[in-house]
Amino acid sequence: MENFGILKEILLTEKSNALLSDKQQYVFIVDQKTNKGQIARAVEKAFNVKVVRVNVINCCGRPKRVRSKSSHRRARYTLVGKKKKAIVVLKDGYKIDVA
């Protein structure tokens, strides 16, 4: 998988801004199929920093009913809002410009 296809976006919320200011931790939304090593390499290549640790959170989505002609007898559901977050801790002295 390409290094830049792994990282989808930087997540900027109140909690992620608190992690950024206190502990130099950055929160990314990443591709569902990646692992910690791939995420660390992608961040290092994209931003020229050194990664110490990566924590991964799988956010499960909510079920949403899907309607179609073939499913009129039984309800079919799909998950909406499913995503994977990665909290990346950088080595001291390194920084990512978020602005």
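The values are calculated or read from the model by the stated rules, or taken from the named source; none is laboratory data. On a predicted model such as this, the values are computed, not experimentally measured, just so you know. Cβ: placed from backbone, ideal geometry, glycine included. Neighbour counts: every protein chain shown.
Quick notes on this structure:
- Close Cβ contacts (under 6 Å, 6 or more residues apart or on different chains) running from residues in segment 36-50 that are farther than 15 Å from Gly5 by Cβ and touching a residue at least 12 places away in the same chain (Cβ under 8 Å) to residues that are hydrophobic (A, V, I, L, M, F, W, C) and assigned to a helix (DSSP H, G or I) are absent.
- Counting only strands (runs of 3 or more DSSP E) that sit wholly inside segment 14-94, those with at least 3 residues that are in contact with a strand residue (DSSP E or B) (Cβ under 8 Å, 6 or more places away or on another chain), basic (Lys, Arg) and exposed (fewer than 14 other Cβ atoms within 10 Å of the Cβ) are 62-66.
- Qualifying residues in segment 46-72 (those that are at pLDDT below 95 and of a type in the set (Lys, Arg)) - the one nearest to Val88 (Cα to Cα): Arg62
- Note on segment 1-13: residues that are in a strand (DSSP E or B) and either within 14 Å of Lys95 (Cα to Cα) or in contact (Cβ under 8 Å) with a residue 40 or more places away in the chain (or both) amount to 1.
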